[in-house]
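Working notes, structure below.
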Amino acid sequence: MSDIVVQKIVRPQRRTSGPWLEVIASNLDYHRATFLWKCEGLSDTQLRQRPLGTSALTLLGLMRHLQGAERAWFQRTLAGTDPRFFPYRTSVTAAGDEWYDESDPTPAAEVYEDYLKACEESRQVFARVTADPARIAPNPEFGQTDVRFVLEHMVEEYARHVGHADLLREAVDGATGE
């Protein structure tokens, strides 16, 4: 049995034109797959590595964070429901923010399955919550925002963290990619 957590990832083609919601949906799926591509072929131990000196950031920590972002933005903010978050261990940072505790013992394979589940939940909610892109979706972080802003914010969230994943992956085993 292999100790590799994320097997071969094939990134989907992005839509570069067409209806705006289809372009956004395809870009979200592309970024989701790109993040997983950065985790492809690594073991639980490698996904937990802190290769950037004093930074506590890990690929597994990013995976936990992104499942939370999926559920918070799609289910809580856009759908107005109470998402079921996996009970990962959290801690409070010096700045007072809550973050996933890297000492959480949940096996990386379970975190990966939870991440995939969160993404699928978001895809299922997408059509229902995007019927009116101008609908206001209040949230404590940004105030009054519309659905378009939230969707664009999710693309931004992935773009930022895929950049982090790029650096972490290179530091873990030297693998680089676009």
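Could you give P(r) for the chain, binned at 10 Å from zero, as whole percent values over all Cα-Cα pairs?
Calculated P(r), rounded to whole percents: 9, 36, 36, 17, 2.
Taking the Cβ of each residue in L59, L116 as the centre, tally the other Cβ atoms inside 10 Å and list the residues starting with the fewest.
L116, L59
Taking neighbour counts of Cβ atoms within 10 Å as a proxy for exposure, in what order, fewest first, do S43, S122 appear?
S43, S122
For a distance above 18 Å, tell me the whole-number percent of Cα pairs in the range 1-100 that qualify.
It works out to 62 percent of all Cα pairs.
Rank F74, I136, V150 by how far each Cα sits towards the positive end of the charge dipole of the range 67-150 (+1 on Lys, Arg Cβ; -1 on Asp, Glu Cβ) and give me just the farthest.
The residue sitting farthest along the positive end of the dipole is I136.
Nearest 10 degrees is fine. How inclined is helix 20-39 to the longest principal axis of the chain, computing both from alpha carbons?
Once rounded, one gets 10 degrees.
With +1 on the Cβ of every Lys and Arg and -1 on the Cβ of every Asp and Glu, and nothing else charged, how large is the dipole of the chain about its Cα centre, in debye rounded to the nearest 20?
Roughly 360 debye for the chain.
Show that you can apply the helix-only estimate: for the chain, add -39,500 (n - 2.57) for every DSSP H stretch of four or more residues, divide by all residues, and state [θ] at 222 nm to the nearest 500.
-16000 deg cm²/dmol, from helical runs alone.
Dipole of the range 103-168, Cα-centred, from +1 at each Lys and Arg C-beta and -1 at each Asp and Glu C-beta, to the nearest 20 debye?
Dipole magnitude for the range 103-168 comes out near 280 debye.
Please arrange I24, I136, I4 by counting, for each residue, the other beta carbons lying within 10 Å of its beta carbon, fewest first.
Going from sparsest to densest Cβ surroundings: I136, I4, I24.
Computed from the coordinates by the stated procedures, all read-outs in this text should not be read as laboratory data. Quick caveat: nothing in here was measured; it's all calculated off a predicted structure. Don't worry about glycine lacking a Cβ; one is built from the backbone with ideal geometry, like all the others, and counts go over all protein chains shown.
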